[in-house]
1. About its Cα centre, how strong a charge dipole does region 16-122 have in debye, to the nearest 20, once Lys and Arg get +1 and Asp and Glu get -1 at the Cβ?
2. For every helix of n ≥ 4 consecutive DSSP H residues, a contribution of -39,500 (n - 2.57) applies; sum these over the chain, divide by its total residues, and give [θ] at 222 nm rounded to the nearest 500 deg cm²/dmol.
3. Which order do peptides 174-186, 221-233, 105-117 fall in by mean Cβ count within 10 Å, highest first?
4. State to the nearest 20 debye the size of the charge dipole of the chain about its Cα centre, where the only charges are +1 on K and R beta carbons and -1 on D and E beta carbons.
5. If you project the alpha carbons of region 1-149 onto their three principal axes, what span does each projection cover, largest first, in Å?
6. With Kirkwood's inverse mean 1/r over C-alpha pairs for Rh, give me the Rg to Rh ratio of the chain, two decimals please.
7. Could you go through region 30-41 in sequence order and give the Karplus-derived ³J(HN,Hα) for each residue, using 6.51 cos²θ - 1.76 cosθ + 1.60 with θ = phi - 60°, rounded to whole Hz, and x for Gly and Pro?
8. Would you list, by chain and number, the lysines whose Cα falls below 19 Å from the Cα of Lys126, excluding same-chain residues fewer than 8 positions away?
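The values are calculated or read from the model by the stated rules, or taken from the named source; none is laboratory data. In this text the structure is predicted, and so the values were computed from the model without any measurement. Here the Cβ positions follow ideal geometry from the backbone for every residue, glycine too, while neighbour counts run over all protein chains shown. Side chains are part of the model used for accessible areas, which takes the heavy atoms of the whole protein and leaves out ligands, DNA and RNA. Shrake-Rupley method; radii C 1.70, N 1.55, O 1.52, S 1.80 Å.
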Amino acid sequence: MARTNNVTELILTGLFQDPDVQRVCFLLFLPVYLATVVGNGLIVVLVSVSKSLRSPMYFFLGFLSLVEISYSSTTVPKFLIDLLAKIKTVSLQGCLAQIFFFHFFGVAEILLLVVMAYDRYVAICKPLRYMNIMSRQLCHVLVAGSWLGGFIHSIIQILITIQLPFCGPNVIDHYFCDLQPLFKLACADTFVEGVIVLANSGLIALCSFLILLSSYAVILFNLRKHSAEGRRKALSTCASHITVVVLFFGPAIFLYMRPSSSFTEDKLVAVFYTVITPMLNPIIYTLRNAEVKIAVRRLCGKTEHAGME
């Protein structure tokens with residue numbers, strides 16, 4: 001069948017239908033998004049200007065925070081605007097663009113978390129060779145590889161989607177554009193495309209999650225050889241990483257490793273990893289990391305001193 005597109009504009013059903021509930025959601029989620037941008041932005045600034053945060057771990061943390069801002073900004077601003085709109089519309093091209101950047105930044109974050117786990121493995125299991133192994137050049141290569149992996153993943157998703165014909169209906173049962181809800185609107189059988197998406201999205205998330213769990217298991221096993229103080233510091237850092245990993249991967253695996261549905265629960269799970277989790281990451285890393293807290297105080301002190309002058 002020839003590819004025909006009669007659909008140029010799509011309508012999103014949103015998270016809830018009740019206008020009063022939507023306004024309450026706007027008042028709840030706007031501060032969350034602002035906290036996400038400010039909190040992660042603060043980490044990016046701290047890593048850039050603080051001399052005490054020059055290690056590879058903070059180099060990766062800075063890029064993770066940058067990805068978090070970009071990832072959240074792909075869906076949340078449009079979501080917030082739609083909460084105040086009677087009819088939530090998006091062009092087909094805009095929908096495809098949102099899908100591309102959502103998966104691009106999502107997979108880049110997954111790969112960065114894997115890179116950060118490798119960094120912790122080298123730091124704890126091979127401390128004497130840490131700075132030689134995690135050279136500045138390797139750090140740049142690993143970050144670039146994370147971005148490239150996200151780009152390749154997203155290109156595959158988009159190449160699959162743009163070949164589908166869309167001739168109506170044009171209502172997406174979600175509050176943002178994603179592949180499975182969009183596939184339901186295609187005027188063609190999308191079973192093969194659904195399997196490819198499952199392999200491309202779900203398996204990436206699941207395999208990366210298993211790799212991360214395995215790496216942290218090895219790290220925890222090797223901590224037996226360290227002193228009590230060394231174990232305490234390493235466990236504090238690893239606990240932050242593991243918390244972020246579970247918060248990000250749990251909902252993503254739940255949604256992408258099973259058949260899609262239109263249940264409101266699925267949308268609420270999606271809200272958790274698109275809106276809530278990006279805000280929690282800087283809180284988790286800051287509250288459990290003494291060096292970051294010291295850098296924050298120093299930055300605030302410099303700001304106050306500059307203001308007095």
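1. Numbers: 7 positive and 6 negative charges, 41 e Å.
In debye, rounded to 20, region 16-122 gives about 200.
2. Working: 12 runs with 222 residues, N = 309.
The per-residue figure over the chain is -24500 deg cm²/dmol.
3. On the way: 174-186: 21.0, 221-233: 11.4, 105-117: 23.7.
Most protected by this proxy first, the peptides run 105-117, 174-186, 221-233.
4. On the way: 24 positive and 17 negative charges, 296 e Å.
Approximately 1420 debye in magnitude.
5. Extents along the principal axes, in whole Å: 60, 46, 24.
6. Details: Rg = 21.2 Å, Rh = 21.0 Å.
Dividing the radius of gyration by the Kirkwood radius yields 1.01.
7. 4, x, 5, 5, 4, 5, 4, 5, 5, x, 5, x
8. Output for Lys126: Lys225, Lys233.
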